[in-house]
Amino acid sequence: MTTNADSIRNGVSFSAARRVNRSLTAAAEKRALEWMARRAPRWVTSDQLTALGLGAQIAAGAFYALSRYHRYALVLVCVCLALNWLGDSLDGTLARVRRQQRPRYGFYVDHMVDIFGATALMCGLGFSGFLHWQTAVAMLIAFLLLAGESYLATYTLSCFELSPGLFGPTEVRILLIFGNLALLRSPYSTVFGHRIPLFDLGGIIAAIAMFAMAIVVTARHTAQLYKQEPLPPGFEGSDCETVNATPPRSC
C-alpha cells in the first residue's frame with residue numbers, strides 16, 4: 001500500500017477526508033479495532049479483510065434466502081454478520097496502524113464493497129419470506145440514498161461521516177443479530193392488535209429513519225455549502241438575464 005505522500009509523489013494530489021463517527025459504539029469499537037490491528041499476524045492484509053467482509057455479507061444474504069426453508073440458517077447469518085464486521089471494520093484500521101494507507105484506493109473499494117454487499121443482503125432478506133419484497137427494496141433504496149449523500153459530502157466538505165447519527169453500520173449489525181434470534185422464536189409481532197411480520201415492522205421503521213436522515217443531512221450540508229460558497233456580488237437574484245455579464249452555464 002502507498003501513503004498520502006506516495007500519492008503526491010506519483011503526481012496525484014489527494015488529501016484524505018476527516019473521519020467522524022458519532023455512533024453509540026464508536027469509542028469502544030475504535031479501541032477494540034486498534035487492539036486487534038496491533039496484534040494481527042503480519043500475513044493478514046487489509047485487502048484480505050476487505051474480501052472477508054464482502055464474502056461474509058454475500059453469504060449472509062444467501063443464508064437469509066436459505067432460512068425460508070430452514071429457519072436455523074439464521075444462526076449462520078449471525079456468524080456472517082460478525083465476520084462482516086471484522087473484515088469491514090478492521091481493514092482500514094490495520095492499514096492506518098501499519099502506515100500502509102491507500103486513501104483513494106481504500107475509499108473507492110471499501111464503498112463499492114458496501115454497495116454490493118448491501119444489495120446481496122437485501123436480496124437475501126427479500127427471498128427469506130420474513131418480510132415483503134417491497135420492504136427490502138425500500139431499505140436498499142434508503143441505504144443507497146444515504147450512501148450517495150455521504151460520498152458527495154466527503155468530496156465537497158472533506159469530512160467523511162461514518163454514521164449520520166447515533167446508529168452506524170455496527171449498530172445495524174447488532175440489531176440484525178438480535179432480530180435473527182427473535183425470528184427463531186417467532187417471525188411475527190403484534191402491533192395495536194394486528195399481527196405483522198417482525199422484519200416488516202423493523203424494515204419499515206429502518207427505511208423511514210434512513211429516508212428521514214438522508215433529507216436532514218442533505219439540508220444541513222446544502223446550507224453549509226451555501227454559506228461556504230455564497231453567490232458573488234450582483235448574482236443574488238435568481239434571474240440571470242438581469243446581469244450584464246455572460247450568464248454562467250448553471251443558469
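Scanning segment 152-176 for residues that are among the acidic types (Asp, Glu) and either in contact with a strand residue (DSSP E or B) (Cβ under 7 Å, 6 or more places away or on another chain) or farther than 19 Å from TRP85 by Cβ (or both) gives a single hit, GLU161. Residues in segment 19-45 that are within 25 Å of PHE167 (Cα to Cα), part of a helix (DSSP H, G or I) and touching a helix residue (DSSP H, G or I) at 6+ places or on another chain (Cβ under 7 Å): GLU29, LEU33, GLU34, MET36, ALA37.
Is there a residue being touching a residue at least 24 places away in the same chain (Cβ under 8 Å) and within 15 Å of the chain's Cα centre (by Cα) anywhere in segment 125-132? Within segment 125-132, not a single residue is touching a residue at least 24 places away in the same chain (Cβ under 8 Å) and within 15 Å of the chain's Cα centre (by Cα). Just one of the numbered conditions (1) within 14 Å of the chain's Cα centre (by Cα); (2) open to solvent by 20 Å² or more (accessible area, probe 1.4 Å) is not true of ALA118: (2). Restricting ASP88, ASP6 to those that are charged (D, E, K, R), closer than 19 Å to TYR151 by Cβ and at pLDDT below 95 reduces the list to ASP88. In segment 18-27, the condition of being modelled with pLDDT under 90, open to solvent by 70 Å² or more (accessible area, probe 1.4 Å) and farther than 21 Å from LEU176 by Cα is met by at least one residue. Filtered by the rule that a residue be under 16 Å from the mean Cα position of the chain (by Cα), open to solvent by less than 20 Å² (accessible area, probe 1.4 Å) and touching a residue at least 40 places away in the same chain (Cβ under 8 Å), segment 47-59 gives a lone residue, GLY53. Residue-level check: of (1) within 30 Å of LEU183 (Cβ to Cβ); (2) crowded, with 16+ Cβ neighbours inside 10 Å, VAL79 misses just (2). For segment 228-239, the criterion of a residue being polar (S, T, N, Q), at pLDDT 90 or above and surrounded by 18 or more Cβ atoms within 10 Å (Cβ to Cβ) is satisfied by no position. Scanning segment 195-206 for residues that are open to solvent by 70 Å² or more (accessible area, probe 1.4 Å) and either assigned to a helix (DSSP H, G or I) or touching a Lys or Arg at 6+ places or on another chain (Cβ under 8 Å) (or both) yields ILE204, ILE205. The listed residues are ALA209, ALA219, ALA214, and the only one of them that is surrounded by fewer than 17 Cβ atoms within 10 Å (Cβ to Cβ), at pLDDT below 95 and either under 23 Å from the mean Cα position of the chain (by Cα) or part of a loop (DSSP other than H, G, I, E, B) (or both) turns out to be ALA209. Check segment 63-75 and report whether any residue there is at pLDDT 95 or above, within 27 Å of ALA212 (Cβ to Cβ) and either of a type in the set (Ser, Thr, Tyr) or surrounded by 21 or more Cβ atoms within 10 Å (Cβ to Cβ) (or both). Within segment 63-75, one or more residues are at pLDDT 95 or above, within 27 Å of ALA212 (Cβ to Cβ) and either of a type in the set (Ser, Thr, Tyr) or surrounded by 21 or more Cβ atoms within 10 Å (Cβ to Cβ) (or both).
The values are calculated or read from the model by the stated rules, or taken from the named source; none is laboratory data. Predicted, not measured: the structure shown is a model, and the values here were computed from it. Ideal geometry is used to build each Cβ from the backbone, glycine not excepted, and the neighbour counts take in all protein chains shown. Heads up: the accessible areas ignore ligands, DNA and RNA and are worked out on the full protein's heavy atoms, side chains in. Shrake-Rupley method; radii C 1.70, N 1.55, O 1.52, S 1.80 Å.
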